[in-house]
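The values are calculated or read from the model by the stated rules, or taken from the named source; none is laboratory data. Please read these numbers as outputs of a predicted model, since none were measured by experiment. Cβ sites come from the backbone with ideal geometry, for glycine too, and all protein chains shown count toward neighbours. These area figures cover heavy atoms from the full protein model, side chains too; ligands, DNA and RNA do not enter into them. Shrake-Rupley method; radii C 1.70, N 1.55, O 1.52, S 1.80 Å.
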Amino acid sequence: MNLRSSADGLGSAVEAPIVALACAGDQPAFEELVRRRQSSIRCLLRSLCQNTALADDLAQETFLQAWIHIRSLRVPNAFGDWLRKLAINSWRQHLRHQGAFGKLTEVEEGDVVSTPAVTEGMDLNSALGVLAPTVRLCIVLSYHEGMSHGEIAAATKLPLGTVKSHIAPGTARLRELLAAYYSSHEQPPYAR
């Protein structure tokens with residue numbers, strides 16, 4: 001089947017050949033990759049940013065960087081991981097420009113960005129917003145993206161021990177923050 005024959009051909013094709021076409025400069029193939037991946041990248045960035053408009057801007061920046069650098073991608077099957085790394089780097093670059101770089105790399109136990117009052121209405125996204133940026137990053141990549149500690153370390157360039165030390169207390173902090181909410185609702189999924 002000639003993948004270039006129609007948009008339907010691209011839409012029903014497996015991803016690796018589309019990535020290969022995009023790596024060769026095929027714009028419709030890249031547009032198909034954006035269509036397939038934009039929702040997951042925006043969702044990841046929304047979890048990290050806690051700001052929908054900023055997350056959408058960073059997602060756009062991520063896809064722009066992907067288009068510029070896609071020819072450097074050597075393994076088409078690695079596109080998803082490569083794109084996720086670009087998204088993480090876009091978010092981290094934003095933090096650096098905002099002066100939050102120190103918070104990104106130097107997180108003390110119990111360190112939080114803000115401490116809103118815990119109410120019954122606090123949801124997971126609000127609770128994630130309380131965590132320091134690197135803790136939030138590790139938690140989101142572990143639980144939302146389903147990545148292993150080793151994969152998180154590779155994607156973020158954080159030492160494995162640091163990833164582990166962020167996930168355990170970060171999870172405990174989320175449990176603490178969400179306890180009031182779940183005391184009046186069903187049991188949280190992580191406690192089952």
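Write out, first by first residue and then by second, each pair whose Cβ atoms fall under 9 Å of each other, whose residues are 6+ apart or on separate chains, and whose first residue, in segment 15-37, is surrounded by fewer than 19 Cβ atoms within 10 Å (Cβ to Cβ) while the second is assigned to a helix (DSSP H, G or I) and acidic (Asp, Glu).
Note: pairs meeting the criteria are Glu15/Glu32; Arg36/Glu15.
Can you tell me which residues in segment 49-81 are farther than 20 Å from Arg96 by Cα, under 14 Å from the mean Cα position of the chain (by Cα) and open to solvent by less than 70 Å² (accessible area, probe 1.4 Å)?
The one that is farther than 20 Å from Arg96 by Cα, under 14 Å from the mean Cα position of the chain (by Cα) and open to solvent by less than 70 Å² (accessible area, probe 1.4 Å): Gly80.
Open to solvent by less than 60 Å² (accessible area, probe 1.4 Å), aliphatic (A, V, I, L, M) and at pLDDT 90 or above, is that true of Met122?
No; evaluated as a whole, the condition is false for this residue.
Just to be sure, is Leu33 farther than 18 Å from Leu141 by Cβ and at pLDDT 95 or above?
Spelling it out, Leu33 is indeed farther than 18 Å from Leu141 by Cβ and at pLDDT 95 or above.
Just the residues that are open to solvent by 40 Å² or more (accessible area, probe 1.4 Å) and in contact (Cβ under 8 Å) with a residue 60 or more places away in the chain, please, taken from segment 127-150.
If the condition is that a residue be open to solvent by 40 Å² or more (accessible area, probe 1.4 Å) and in contact (Cβ under 8 Å) with a residue 60 or more places away in the chain, then His144, Glu145 are the ones that fit.
If a residue has to be farther than 16 Å from His144 by Cβ and not hydrophobic (A, V, I, L, M, F, W, C) to count, how many in segment 9-51 make the cut?
Counting residues in segment 9-51 that are farther than 16 Å from His144 by Cβ and not hydrophobic (A, V, I, L, M, F, W, C) gives 15.
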